[in-house]
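Below: one structure, written as structure tokens.
Readers should treat all values here as calculations from the given coordinates under stated rules, not as data from a laboratory. Because the structure is predicted, anything quoted here is derived from the model rather than measured. Every residue, glycine as well, gets a Cβ built from its backbone with ideal geometry; the counts of neighbours run over all protein chains shown.
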Amino acid sequence: MRLKGKTAFITGGNSGIGLATAKLFASEGARVAITWRDSDRLHSAMAEIGHGAFAIKADATDPKQLENAIADAVKKFGKLDIVFANAGIPGNTPIGGTTLEAFEKVIRTNLTGVFFTVQAAVPHMNDNGSIILNGSVISVLGNPGYSAYAATKAGVRAMARVMASELSPRGIRVNVVAPGGTRTPIWGPGIATPEAEKALEARISRSTPLGRIGEADHIAKTVLFLASDDAAHVQGQEIFVDGGSTASPAGAPIYR
């Protein structure tokens, strides 16, 4: 087991990529603490993770709640070895149709919250640990209407490089996993009905060179690699898990 004896802290671990990662970490021997903000699916998520997982209610936009969540996790399991700053929200912020409140909400969760998650965790981490930040292909694709979201994910990449510089003296690695279109609850109304979900999957598949939508497990397995000793010499990197949509977009089915 690649994470035997390790302790992991995952924000937003009760659904989507966070849940898939928590399950995988637990199966690989880690003690897993997750944060959650609302109770939807919490009990079923904990049952899926199993292996004595620990859930802590915390809002990723509140630095004090993050500090308290880290303290609770450390009290329960001891010092941390792995942090996955995963919590994030979608947000449509088109030019001419966006309020300051809507824009700043995305920034607070996806960028500021990520920074303060790491800041809260680092004093409680063992040396030679691993921090993984959740990025996105949206940081480079220029999708219309996603200025705030794209800015946060580009900011995550930039922060990871700075954090890697700061934390390298302790042997702590900081890397980014950047998912492409992935089957998770973040799509909201886009998957509200089976028909809507099918249409979304078809659209993503046509624009992805590998011809399919990503699954949460695809991302989780990459996070596991970055968290484990298999990535012991990987520092300050961003790994796109997107079926080729950023590296070779011309290979997508829509262009064939």
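Residues in the range 224-256 that are in a helix (DSSP H, G or I) and touching a helix residue (DSSP H, G or I) at 6+ places or on another chain (Cβ under 9 Å): Leu224, Phe225, Ala227, Asp230, Ala231, Pro249, Pro253, Ile254, Tyr255. Would you call Thr98 hydroxyl-bearing (Ser, Thr, Tyr), over 20 Å from Arg37 (Cα atoms) and touching a residue at least 40 places away in the same chain (Cβ under 8 Å)? In short, yes. Ile17 falls short on exactly one of the conditions (1) within 26 Å of Asp229 (Cα to Cα); (2) touching a residue at least 40 places away in the same chain (Cβ under 8 Å); (3) out of contact with any Pro (no Cβ under 9 Å at 6 or more places or on another chain), and that condition is (3). Considering (1) closer than 21 Å to Lys4 by Cβ; (2) buried (at least 19 other Cβ atoms within 10 Å of the Cβ), the lone condition that Ile239 does not fulfil carries the number (1). Arg108 falls short on exactly one of the conditions (1) under 19 Å from the mean Cα position of the chain (by Cα); (2) surrounded by fewer than 17 Cβ atoms within 10 Å (Cβ to Cβ), and that condition is (2). Of the residues making up the range 153-195, those that are hydrophobic (A, V, I, L, M, F, W, C), over 28 Å from Ala250 (Cβ atoms) and without any contact (Cβ under 8 Å) to a residue 24 or more places away in the chain are Val162, Ala192. Here the range 216-248 is the region considered, the condition is being free of Cβ contacts under 8 Å to residues at least 60 places away in the same chain and not hydrophobic (A, V, I, L, M, F, W, C), and the residue that is nearest to Ala85 (Cα to Cα) is Thr222. Taking the criterion of being within 30 Å of Val234 (Cα to Cα) and either exposed (fewer than 14 other Cβ atoms within 10 Å of the Cβ) or in contact with a helix residue (DSSP H, G or I) (Cβ under 7 Å, 6 or more places away or on another chain) (or both), the only residue of the range 186-204 that qualifies is Ile186.
Of all residues in the range 47-72, those that are within 19 Å of the chain's Cα centre (by Cα), free of Cβ contacts under 8 Å to residues at least 24 places away in the same chain and within 21 Å of Ala30 (Cα to Cα) total 3. Go through (1) at negative phi; (2) surrounded by fewer than 22 Cβ atoms within 10 Å (Cβ to Cβ); (3) of a type in the set (Gly, Ala, Ser) one by one and return the number of the condition Ala22 breaks. So the condition that Ala22 fails would be (2).
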